[in-house]
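Notes for the one structure printed next.
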Amino acid sequence: MPGIAEHERQQEVLRLLETDGQVTVGELTERFGVSAVTARKDLESLERRRLLRRVRGGAVRSHGADEGAFEMRLRHRAEAKRAIARAAATVVGDGDAIALDGSTTCYYLALELRERRSLIVVTNGLRTADVLSESDSITVVLPGGTVRRSSWSLVGDFGDVLASRGQLQHGFFGVRSLSRQAGLMELSVEETAAKQRMVAACRHVYGLFDSSKVGRFALHSFAEPGQVTRLFTDDAAGDDLVSEWGVPVTRVAADG
């Protein structure tokens, strides 16, 4: 896998740890085509987030760290999320101003958007901001808030940070669940408040979710049904979802 980006290398390290329980620096240098110094820096970065424990010559899996929640979710149904992200990316053109929340599906969407030109992205996702900041042609705006470690996002009420700044063309949001009556939903009050502010700033609102989210329990609506422009999910979502929403629903093959 020579030439892959830092974030993708680190995700592959976590996948290897999940499978094998340990990795060596030599294995990583050969696999990624990088120097031993770069491999050690990747391991140091992951150790700072308590996602692994470094040992002589490599690293072993770490257990029970709440900081790992985002990375664990990132690997859950990853192929479906990547396929959803690819479909959603077709909406975004060069020069657009958009919002991405801190969800794992929007992280994959950010990876798809790295080659866009003159893009402005408002996001509360720290991982998403980090990925997009690698591009010289993308302006990343962080609205502020309190860091929520389990999701690596900025949460809470952003106040008037986004008000009177003009409207964003598109907003993309992951969901905890969704309901034709309540709209797009979250479990956390803080996540809900952050998403509500971003939704209010967007002309078009898109829900991005893998089919495991359908029918799940959630408490708070961050986008009412009438605010939703389109839904993106995978082909395991049932026909009833399409018929009941009354907006375009794009279903993609979960294997990409």
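The values are calculated or read from the model by the stated rules, or taken from the named source; none is laboratory data. Quick caveat: nothing in here was measured; it's all calculated off a predicted structure. Glycine gets a Cβ as well: all are built from the backbone with ideal geometry, and neighbour counts include every protein chain shown. These area figures cover heavy atoms from the full protein model, side chains too; ligands, DNA and RNA do not enter into them. Shrake-Rupley method; radii C 1.70, N 1.55, O 1.52, S 1.80 Å.
Figures for the structure shown
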| quantity | calculated |
| --- | --- |
| Whichever residue in the stretch 47-67 is open to solvent by 30 Å² or more (accessible area, probe 1.4 Å) and part of a helix (DSSP H, G or I) and, among such residues, is modelled with the lowest pLDDT | Asp66 |
| Tabulated pairs, the stretch 2-24, first in a helix (DSSP H, G or I) and among the basic types (Lys, Arg), second open to solvent by 40 Å² or more (accessible area, probe 1.4 Å) and modelled with pLDDT of 80 or more, C-beta under 6 angstrom, 6+ apart or interchain | none |
| Selection within the stretch 111-120 - touching a strand residue (DSSP E or B) at 6+ places or on another chain (Cβ under 9 Å), touching a residue at least 24 places away in the same chain (Cβ under 8 Å) and either open to solvent by less than 10 Å² (accessible area, probe 1.4 Å) or not in a strand (DSSP E or B) (or both) | Leu113, Arg114, Arg116, Ser118, Leu119 |
| Residue in the stretch 82-94 that is in a loop (DSSP other than H, G, I, E, B), in contact (Cβ under 8 Å) with a residue 24 or more places away in the chain and open to solvent by less than 20 Å² (accessible area, probe 1.4 Å) present | yes |
| Some residue of the stretch 171-179 being in contact with a His (Cβ under 9 Å, 6 or more places away or on another chain), more than 20 Å from Phe217 (Cβ to Cβ), part of a strand (DSSP E or B) and in contact (Cβ under 8 Å) with a residue 24 or more places away in the chain | yes |
| Identity of the residue in the stretch 203-215, modelled with pLDDT of 95 or more and open to solvent by 10 Å² or more (accessible area, probe 1.4 Å), that ends up nearest to Thr250 (Cα to Cα) | Tyr206 |
| Residue pairs meeting the criteria (Cβ under 7 Å; at least 6 apart or on separate chains; first within 11 Å of Phe173 (Cα to Cα) and at pLDDT 90 or above, in the stretch 186-201; second basic (Lys, Arg) and in a helix (DSSP H, G or I)) | Glu186/Lys195 |
| Residue in the stretch 158-181 that is at pLDDT 95 or above, closer than 18 Å to Leu109 by Cβ, of a type in the set (Gly, Ala, Ser) and open to solvent by less than 50 Å² (accessible area, probe 1.4 Å) present | yes |
| Residues within the stretch 68-82 that are touching a Phe, Trp or Tyr at 6+ places or on another chain (Cβ under 9 Å) and modelled with pLDDT of 80 or more, tallied | 4 |
| Within the stretch 136-151, tally of residues that are open to solvent by less than 50 Å² (accessible area, probe 1.4 Å) and touching a Leu at 6+ places or on another chain (Cβ under 8 Å) | 5 |
| Answer residue from the stretch 19-46, given it is within 21 Å of Val131 (Cβ to Cβ) and of a type in the set (Asp, Glu) and is surrounded by the most Cβ atoms within 10 Å (Cβ to Cβ) among those | Asp42 |
| Counted residues, the stretch 25-46 - those being in a loop (DSSP other than H, G, I, E, B) and not aliphatic (A, V, I, L, M) | 2 |
| Given (1) of a type in the set (A, V, I, L, M); (2) over 21 Å from Glu79 (Cβ atoms); (3) over 18 Å from the mean Cα position of the chain (by Cα), index of the condition Met198 fails | (3) |
